[in-house]
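The values are calculated or read from the model by the stated rules, or taken from the named source; none is laboratory data. All values derive from a computational prediction rather than experimental measurement. Please note: Cβ atoms are built from the backbone with ideal geometry, for glycine as well, and neighbour counts cover all protein chains shown.
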Amino acid sequence: MDVAIAFLVLLVIMAIYGTMPTAVVWSLLLFLGLAVVAALGVGLWLSALNVQYRDIRYVVPFLPQFWMYATPIAYSSELIPKNWLWLYSLNPMIGVVGGFWWALLGKSTLNLSFLLISAVVVLVMFISGKGVR
């Protein structure tokens, strides 16, 4: 529900500033699905770890803040040095955020390698999270 409200606010702001979504706006469903599966994978892992280790619940509130700083939301991914891009691309939200920028604003090119790496990391997290006990 939060994403739907934020998306409506985004559309209003884009209309006010005269920026229209590009023709590939329908690909947002793919990126949104990737974000949902990433959140499910992390949730599965953290819930299983919380059952096993009760102290995890104290760490969980800090993880979204850390994850937001590790994701290029307030800065460009072009600021990352080239020799660290392999480690940086393991963040599953890199492909999602880049895809949102590409689909909505059309100002950047879609980095398919980041998107592919993100999809693989998300699938590994989700599949392995289902088996954690």
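Do the conditions hold for PHE31, that is, is it more than 14 Å from the chain's Cα centre (by Cα) and modelled with pLDDT of 90 or more? No: the conditions fail for PHE31.
Looking only at residues in region 1-23 that are at pLDDT below 85 and touching a helix residue (DSSP H, G or I) at 6+ places or on another chain (Cβ under 8 Å), the one that is nearest to MET125 (Cα to Cα) is VAL3.
For region 92-103, a residue qualifies if it is surrounded by 20 or more Cβ atoms within 10 Å (Cβ to Cβ) and either of a type in the set (A, V, I, L, M) or under 10 Å from the mean Cα position of the chain (by Cα) (or both), and the qualifying residues are PRO92, MET93, ILE94, GLY95, VAL96, GLY98, GLY99, ALA103. All of (1) small (Gly, Ala, Ser); (2) surrounded by 13 or more Cβ atoms within 10 Å (Cβ to Cβ); (3) assigned to a helix (DSSP H, G or I) hold for GLY106 with one exception: (3). Do we have LEU85 as at pLDDT below 90 and more than 26 Å from PHE7 (Cα to Cα) here? So LEU85 fits the description; yes.
Of all residues in region 88-100, those that are aliphatic (A, V, I, L, M) have Cβ atoms under 6 Å from Cβ atoms of residues that are outside any loop (DSSP other than H, G, I, E, B), 6 or more apart or on another chain, in LEU90/VAL121; ILE94/PHE114; ILE94/SER118; VAL96/PHE31; VAL96/LEU34; VAL96/ALA35. Residues that are out of contact with any Gly (no Cβ under 9 Å at 6 or more places or on another chain), touching a residue at least 24 places away in the same chain (Cβ under 8 Å) and surrounded by 13 or more Cβ atoms within 10 Å (Cβ to Cβ) number at least 3 in the following helices (runs of 4 or more DSSP H) confined to region 19-70: 28-52.
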